[in-house]
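First up is the structure itself, then whatever we jot down about it.
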Amino acid sequence: MKFGKKIKLDIDNLYKTQYGTVDNKNFKSTYITLSCWAEPHKEEENWTRVIKDLRREIRLELYHQVDKNVFKEEKSIIDLDIRASGIKLKKRSFLNCELTLFVKSGIKFKSENLKASVEGIFNNLITNVFTPYKHFKFYPTKS
């Protein structure tokens, strides 16, 4: 029996965004996913460092913007997936950012409060982290 649920959101046409849970019946956490294609602006010596810096900026933005009435602020997992070894000029690399957030008791997966909080997280990440990020330009497709 499947308990997982997933809801796609149309936040920005450059990014695919969705959120979901692995257990809708015993709802304790939600994952929110943002994916796109990233193309570097210029050559860098250490792409691993650039990716770590991007992950750090995501963590800081999440820490400052998470709705403390919906989520447990001290519990979150950030998984930023982009391969440093494959990054080259004029070549787009797939980027997937998955955030796992733990919800406070009493919050329902289908609640408007959760949806509004997730949409706010996406909007803040796109506006404050991804759009101004100096190392990459982001695209919805590979070509």
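The values are calculated or read from the model by the stated rules, or taken from the named source; none is laboratory data. For clarity, every value in this text was computed on a predicted model and none was experimentally measured. As a convention, Cβ positions derive from the backbone with ideal geometry for all residues, glycine included, and neighbour counts pool all protein chains shown.
Among the residues of the range 72-81, some residue qualifies, meaning at least one is small (Gly, Ala, Ser) and buried (at least 16 other Cβ atoms within 10 Å of the Cβ). Can you find a residue that is exposed (fewer than 15 other Cβ atoms within 10 Å of the Cβ), at pLDDT 95 or above, touching a Leu at 6+ places or on another chain (Cβ under 8 Å) and in a loop (DSSP other than H, G, I, E, B) anywhere in the range 124-141? Yes, there is a match, as at least one residue in the range 124-141 is exposed (fewer than 15 other Cβ atoms within 10 Å of the Cβ), at pLDDT 95 or above, touching a Leu at 6+ places or on another chain (Cβ under 8 Å) and in a loop (DSSP other than H, G, I, E, B). When both residues are 6+ apart or on different chains and their Cβ atoms are under 6 Å apart, which pairs have a first residue that lies in the range 94-111 and is of a type in the set (Ser, Thr, Tyr), and a second that is surrounded by 16 or more Cβ atoms within 10 Å (Cβ to Cβ)? Close Cβ pairs satisfying both conditions: Thr100/Ser29; Thr100/Tyr31. Kindly indicate whether any position in the range 42-52 is assigned to a helix (DSSP H, G or I), touching a His at 6+ places or on another chain (Cβ under 8 Å), farther than 28 Å from Gly4 by Cβ and not polar (S, T, N, Q). Yes, the conditions are met somewhere in the range 42-52. The residues listed here are Asn13, Asn24; of these, the one that is assigned to a loop (DSSP other than H, G, I, E, B) and either surrounded by 13 or more Cβ atoms within 10 Å (Cβ to Cβ) or touching a helix residue (DSSP H, G or I) at 6+ places or on another chain (Cβ under 9 Å) (or both) is Asn24.
One line per residue, one yes/no per condition, for (1) farther than 19 Å from Thr131 by Cα; (2) in contact with a strand residue (DSSP E or B) (Cβ under 6 Å, 6 or more places away or on another chain); (3) not in a strand (DSSP E or B):
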| site | (1), (2), (3) |
| --- | --- |
| Thr30 | yes, yes, no |
| Leu34 | no, yes, no |
| Asp67 | yes, no, yes |
| Glu73 | yes, no, no |
| Lys91 | no, no, yes |
| Asn96 | no, yes, no |
| Leu99 | no, yes, no |
